[in-house]
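Reviewing the structure listed below.
The values are calculated or read from the model by the stated rules, or taken from the named source; none is laboratory data. In this text the structure is predicted, and so the values were computed from the model without any measurement. Backbone-built Cβ (ideal geometry, glycine too); neighbour counts: all protein chains shown. Accessible surface is based on the protein model in full, side chains and every heavy atom, while ligands, DNA and RNA are left aside. Shrake-Rupley method; radii C 1.70, N 1.55, O 1.52, S 1.80 Å.
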Amino acid sequence: MQIGEVAKIEGRNTAELRDGILDTKILLAGKENTLNNFVVTYSRSVTEFTTPRHRHPFDQIRLPLEGHLEFGEGKELPTGWVSYFPESVYYGPQVRHKGLKMVVLQFGGASLSGYMSTVQRRRGFNELKAKGTFSKGVYSWVDEGGRKHNQDAFEATWEHIN
């Protein structure tokens, strides 16, 4: 059994792949490199946090505790509502306004691709940063032939790690 108490867990900015600052606390976590890996986080938007339209190779369940989440043009998730974002389904652009407090469960979905841990994501971010740039949720790099590429920042990190 795991128990996570928000007041006793140190927060950190987990928004390096996107625009904005999130103070995130990992409440519960699974075992890295396993198909049933998961994470339950509590986050507070320190600044406005935005992402472009994107999708993930894992499932998400979100619960705004204070404030609301904009998850697409004219689509919002108000305080107290629970949402399920299945893997491979596009959503966004996403806006988390300053002060939004939310609990999120992320876990491997039906494809059995698993879930990338925070440690793996940070390692991938740092390794990719040495080869390109991250800006507004997009990773950009120039290949050996001199051609510029743009890719969703999370997607690029996931592919690099996996």
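Quick rundown of the values:
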| item | result |
| --- | --- |
| Subset of region 126-142 (residues that are crowded, with 16+ Cβ neighbours inside 10 Å and either at pLDDT below 90 or part of a loop (DSSP other than H, G, I, E, B) (or both)) | GLY137, VAL138 |
| Selected residue (criterion: nearest to SER43 (Cα to Cα)) from residues of region 64-108 that are outside any strand (DSSP E or B) and either hydroxyl-bearing (Ser, Thr, Tyr) or open to solvent by less than 20 Å² (accessible area, probe 1.4 Å) (or both) | LEU100 |
| Residue check, VAL40 over 26 Å from ILE3 (Cβ atoms), assigned to a strand (DSSP E or B) and in contact with a strand residue (DSSP E or B) (Cβ under 9 Å, 6 or more places away or on another chain) | no |
| Exclusive hit being touching a Leu at 6+ places or on another chain (Cβ under 6 Å) and touching a residue at least 60 places away in the same chain (Cβ under 8 Å), set LEU77, LEU105, LEU112 | LEU112 |
| Residue, farthest from GLU66 (Cα to Cα), within region 14-37, restricted to residues that are without any contact (Cβ under 8 Å) to a residue 40 or more places away in the chain and either out of contact with any strand residue (DSSP E or B) (no Cβ under 6 Å at 6 or more places or on another chain) or of a type in the set (Gly, Ala, Ser) (or both) | LYS31 |
